[in-house]
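The values are calculated or read from the model by the stated rules, or taken from the named source; none is laboratory data. Computed from a predicted model, the values in this text were never measured in an experiment. All Cβ positions, even for glycine, are placed from backbone atoms using ideal geometry, and neighbour counts span all protein chains on display. Just the protein is used for accessible areas: all its heavy atoms, side chains included, with ligands, DNA and RNA removed. Shrake-Rupley method; radii C 1.70, N 1.55, O 1.52, S 1.80 Å.
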Amino acid sequence: MKASSTFDKKTVLALSAMSTLVFIWYFQEITLASLAYNDAVNHLAIIRGMDETWHNGGNLFDFWMAHSGLGHPLVRNYQFLMHLVFWILHKTILAPLTLERAFNTSVALCAMALPWAVYRGATLWGQTALQDVGAAGSVLL
């Protein structure tokens, strides 16, 4: 089995179209900076808690989330790395954006990158390029 290791023009075009479609889907959420979907509200609350703790001189790695689960140090046991990475991104690269807009932009960028990552992963299976692009397209369903 031979894995395709390069991106030809058709593949780049197809993957770019998929990423553009994802961008169109997320555009309104980015521009409105709304967080009324899924559990993003809780994720943003965790990141806000980290930010407030940082500003107040507290322990960024172990802060109290009074509104969650009758109050406990939630970050200690719940996806800490993802929240920390986003908090660092917001303080550095995405600093000009509000926290909500930075969060939605990050989600959209990750979603836009997903077809490219799935395509590269599918190439490891040794299928045809068309099958690899099909696997990448399946993540949009």
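Here are the numbers for this structure:
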| read-out | value |
| --- | --- |
| Solvent exposure, largest accessible area first (probe 1.4 Å, DNA, RNA and ligands not counted), of Met112, Met18, Met82, Met50 | Met82, Met112, Met18, Met50 |
| Ile93 - accessible surface, heavy atoms, 1.4 Å probe, Å² rounded to 10 | 130 |
| Per-pair calculated FRET efficiency, R0 = 30 Å: Ala40 and Lys91 via Cβ, rounded to 0.05 | 0.95 |
| Stretchable slack from Leu13 to Gln131, in nm (0.36 nm times residue separation minus alpha-carbon distance) | 41.0 nm |
| Gain upon complete extension [Leu21, Asn56; 0.36 nm per residue less C-alpha separation] | 8.5 nm |
| Rounded to the nearest 10 Å², the accessible area of Phe61 at probe 1.4 Å | 110 |
